[in-house]
Amino acid sequence: MEAFRKITSKTVVLPVDNVDTDQIIPARFLTITTKLGLGESLFADWRNDPEFVLNRPEAEGASILVAGENFGCGSSREHAPWALLDFGFRAVVSSSIADIFKNNAVKNGLVPVEVDAKAHRFLLENPGASVTVDLEACKLVLPDGGAAEFLLDGFARHCLMNGIDQLDFLLQQEEAIARFESTST
Amino acid sequence: MNEPKARTLFEKLWTRHVVQPATEDHPAVIYIDLHLIHEVTSPQAFDELRRKNIPLRRPDRTIATMDHSIPTLFDGDEPLYSDDKTRAQVDTLRTNCDEYGVRLYAMGETGQGIVHVIGPELGLTQPGRTIVCGDSHTSTHGAFGAWAFGIGTTEVGHVMATQSLLQRQPKTFEVRLDGRLATGVTAKDLILAVIREVGVDGGRGHVIEYTGSCIASLSMDERMTICNMSIEAGARAGLIAPDETTFTYLEGREFAPTGDGWAAAVADWRTLPTDAGARYDKSVTLDASRVKPMVTYGTNPGMSVSIDEAIPDPASRGEQAQAAASSQALEYMRMQPGESLVGKSVDVVFIGSCTNARLEDLRAAASLMKGRKVAPGVRVLVVPGSQEIKRRAVDEGLDRVFREAGAEWRDPGCSMCIAMNGDGVAAGELAVSTSNRNFEGRQGKGARTVLASPLTAAAAAIGGTIADPRELLD
C-alpha cells in the first residue's frame with residue numbers, strides 16, 4: 001500500500017446521494033480472481049453517457065472524487081475501492097461514507113474524507129476546485145485557504161500515512177489470540 | 001454494592017469476543033468464531049496468504065460454499081456456466097479449499113446453497129457467535145443473536161490469517177416493532193417499511209437490535225429476512241435476541257451442540273438477551289400491524305411505498321443532491337411522481353436470494369400460484385436458497401406447483417439477485433424481485449427492479465402486472 005500524507009488535486013464531482021458499490025463497479029466485473037485492471041470498469045454503466053463527469057476532459061488527472069452523502073453503500077465488494085484506485089483516485093470526499101466501504105478504502109490507501117455539510121456543499125457546487133487532503137493534519141484545505149477538519153480512526157490514519165499493512169499488527173497479536181482461544185472457545 | 005450494569009445483547013456479544021481491548025492507538029482485536037467464504041470475495045485473500053506464506057489459522061472455523069457466480073441450470077450433472085470467467089472463479093475456490101483444507105459445500109452437493117441460507121440450516125449459525133463473510137448480507141445470521149457482519153476481501157485475509165479482526169465498538173440502535181402483521185403482509189414488507197422509516201443510511205455506525213412483540217412472534221425464516229436487510233439501512237449488523245423459537249430451530253441440526261452440550265449451550269444463550277434497563281444509543285418504534293404490502297419504486301431500498309400509495313414527488317426531497325438522486329431514480333425506473341405502481345406491466349418475476357429463498361418464502365409464493373397460471377409474456381424464476389430447501393420443497397410438491405403454473409424451477413444460488421451467473425433481467429425490463437437491492441443495473445444492465453415480498457411477487461407473476469397480493473388470498 002502506497003503511503004499517503006498529503007495530496008493536492010482538482011476535484012471531480014458526482015453530485016448524487018447514496019452512490020452504491022454496484023454503480024462504482026457493476027457485479028458482472030466481479031468474476032475475476034485478481035485485483036487488477038478494474039479502473040477500466042469504474043462506473044461502467046454511467047460511463048456509457050459521454051457527458052458523465054468521468055468522461056469529460058476536466059476529469060483528466062484528478063485524484064479526488066467528491067460525491068453526495070452515504071457514498072459507497074450496499075455491497076461489501078472491495079472491488080469498489082480497487083477500481084477507484086486503479087482509475088487514479090486517492091481520496092473520496094463526502095458528508096458521509098458507508099461503513100464497509102470506508103473500512104475497505106483505508107486498507108488499500110484510498111482516503112475516506114467526511115467533511116461538514118458546509119464544506120461539502122461548497123465542493124459540490126464548485127467542481128474542479130483545487131483542494132488539498134492533508135492526512136497529517138486531518139484537514140481538507142479549500143481553495144480560499146479555509147479548511148474543513150475530518151475524522152479518521154487514529155490507527156487507520158497511522159497505517160495510511162506510513163503505508164503499513166494492518167495485518168502486520170494482527171499477526172503480532174498471536175499470543176493474545178492463542179490465549180483467548182485456550183480460555184474462551 | 002452496585003448492581004451489575006444492565007447491558008444490551010450487542011454489548012454482551014462484544015465483551016465475549018474481545019481479545020485485546022481498544023486503546024487510542026488501535027481498535028479492539030475481536031475474535032471471529034465462524035468464517036464463511038464463497039467464490040467471489042475469497043480468491044485474492046487466498047493469494048495474499050500464499051504471497052506472504054501464512055497458513056490458514058483455523059480451517060475448522062472456515063466453511064466454504066459456492067453461490068454467487070454458479071449457474072442455476074444444468075445439463076444432467078454438467079453446470080451450464082455463462083462464461084469461462086465464472087467457471088474459473090468456481091474452480092479457483094475448489095483448488096483453494098483443497099490446498100488449505102477448508103470444508104467446501106460444492107455445487108450440487110448436499111448442504112450447498114447461498115452462504116446465508118446454509119449457515120443457519122447446518123446449525124453453524126448459533127447465538128453468541130461472531131460470524132463474518134465477504135458479503136454484506138452476512139447480517140442475516142444476526143437473527144440468531146449472533147454478531148454477524150460483512151467484510152471486504154482484505155479482512156477476509158485477516159480472518160484467514162488470525163481468526164481476528166480490528167474493530168471499533170459500534171453504537172446500538174433499537175428498532176422496536178410491536179403488533180401482529182396483517183394477513184398478506186410479510187417480514188419483507190416489514191423490513192422495507194423499517195428502511196423507509198430510518199433511511200438507507202439511518203443505521204450507519206450502529207448495530208440494530210430488532211425488538212418488540214412483532215419480532216417475538218416471527219419464525220426464524222422471517223427473522224432472517226428482517227436481519228438480512230439491516231445493511232440496506234446502512235447498519236453494521238442486525239440482531240434479534242435468541243428465544244425458544246431460536247432454540248427449537250437449531251436443535252438437532254448437524255453442527256448444533258448435542259447431549260449435555262445442548263443443555264449447557266441453551267442455558268448460556270438464555271443469558272444473552274438485553275437486560276432490563278439497558279440503554280441503546282438510539283431507538284425508533286413502528287406499529288407493525290399498520291404495515292401493508294410494500295413495493296419499491298426507485299433505485300435504493302429506502303424508496304418504497306405501500307402497494308396502495310402513490311409515488312412521491314422528488315421535489316419534496318429537501319437537499320439538492322437528494323432531489324437529484326430521486327429524480328434520476330424515477331427517470332431510470334421510468335416512473336412518474338403521483339402514479340401508482342399497481343397495474344404496471346411486469347416482464348420478469350424473481351423468487352429467490354438470501355432475503356427470500358427459504359422454505360416459508362417458497363410456500364408463500366406457491367400458495368398463490370397453486371392452480372393458477374403465470375401471465376403470458378412473464379418470465380418467472382424460482383430459485384431455492386439451498387439444496388436442502390430444494391429437497392424439502394420437492395418433497396412438498398412446491399416445485400410442481402411452480403412448474404405447472406409456468407415458472408422455471410432452478411438449482412440453488414444467488415442467481416438473479418446479483419446477476420453474475422447469466423440469470424439476468426434485460427435492459428428496460430421491469431422485474432418484481434424478492435431480493436434485497438433495486439440499485440441501477442443490479443439485476444442486469446438497464447434492468448428495472450421492484451423489490452417485494454414472495455406473495456407480491458407471486459401476484460405479479462399471475463397477473464402480469466404489479467398487484468396487491470391480498471386480493472388473491474382465500
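Annotations for the structure displayed:
- Relative packing of peptides B:436-444, B:133-141 - highest average C-beta neighbours within 10 Å first: B:133-141, B:436-444
- Förster-model FRET efficiency, 56 Å R0, A:ASP49 and B:LYS373, C-beta, rounded to 0.05: 0.90
- A:GLU175-B:ARG392 pseudo-label distance in nm [points 7 Å out on the Cα-to-Cβ vector]: 4.8
- For the stretch B:294-472: relative contact order, % (alpha-carbon pairs under 8 angstrom, 6 or more apart): 28
- The modelled label-to-label distance for the pair B:SER217/B:ALA6, using points 7 Å beyond Cα in the direction of Cβ, is 2.5 nm.
- DSSP bridge pairs, chain B: antiparallel proportion in percent, nearest 5: 25
- Number of Lys pairs (Cα under 16 Å; 8 or more positions apart or on different chains) in chain A: 4
- DSSP bridge orientation in the protein assembly as shown - percent antiparallel, rounded to nearest 5: 30
- With all pairs of different C-alpha atoms in the average, the Kirkwood value for the hydrodynamic radius of the stretch B:190-275 is 14.1 Å.
- Overall shape: oblate for the stretch A:6-183, with the ratio a/c of the largest to smallest alpha carbon gyration tensor axis at 1.5 or above and b/c at least equal to a/b.
- GluC sites (Glu not before Pro) lying in DSSP loop within the stretch A:37-125, provided at most 11 other Cβ fall within 10 Å: A:GLU51, A:GLU60
- Residues of the stretch A:59-75 falling in the label zone of A:ASP134, defined by backbone nitrogen less than 19 Å from a point 7 Å along Cα to beta-carbon, are A:64.
- Here A:MET1 sits with roughly 90 square angstrom of accessible surface, probe radius 1.4 Å.
- Full extension of the segment from B:PHE74 to B:LYS171, taken as 0.36 nm per residue of separation minus the current Cα-Cα distance, would add 30.3 nm.
- Gyration tensor verdict on the stretch B:329-474 (Cα atoms; rounded if a/c is under 1.5, prolate if a/b is larger than b/c, oblate otherwise): oblate
- Cα gyration tensor, the protein assembly as shown - rounded (a/c under 1.5), prolate or oblate: rounded
- Stretch gain in nm, segment A:ASP165-A:THR8, where the contour uses 0.36 nm per residue and the Cα spacing is subtracted: 54.1 nm
- Near B:THR274: Cβ cut-off under 9 Å, other residues only, Lys/Arg at +1 and Asp/Glu at -1. The net charge is -2.
- Taking only the Cα atoms of chain B, the ratio Rg/Rh comes out at 0.96, with Rh defined as the Kirkwood radius.
- The mean count of C-beta atoms from other chains within 10 Å of the C-beta of residues in B:157-167, rounded to a whole number, is 5.
- Mean separation of Cα contacts under 8 Å (6+ apart) over length of chain B, as relative contact order %: 17
- The charge dipole of the stretch B:9-167, taken about the Cα centre with unit charges on the Cβ atoms of Lys, Arg (+1) and Asp, Glu (-1), comes to about 620 debye, rounded to the nearest 20.
- Chain A: relative contact order as a whole-number percent, Cα under 8 Å and 6+ apart: 27
- Only lysines eight or more places from B:LYS344 in sequence, or on another chain, were considered; those with a Cα closer than 29 Å are B:LYS188, B:LYS292, B:LYS370, B:LYS373, B:LYS445.
- Sites A:GLU40 and B:GLU197, calculated FRET efficiency, Cβ-Cβ separation with R0 30 Å, nearest 0.05: 0.15
- Peptide-level mean, for B:194-205, of C-beta atoms on other protein chains within 10 Å: 3
- Counting only protein heavy atoms and using a 1.4 Å probe, the accessible area of A:TRP46 comes to about 30 Å².
The values are calculated or read from the model by the stated rules, or taken from the named source; none is laboratory data. Only a predicted model underlies this, so the values are computations on that prediction, with no experimental measurement involved. Note that we place each Cβ from the backbone using ideal geometry, even for glycine, and neighbour counts take in every protein chain shown. Side chains are part of the model used for accessible areas, which takes the heavy atoms of the whole protein and leaves out ligands, DNA and RNA. Shrake-Rupley method; radii C 1.70, N 1.55, O 1.52, S 1.80 Å.
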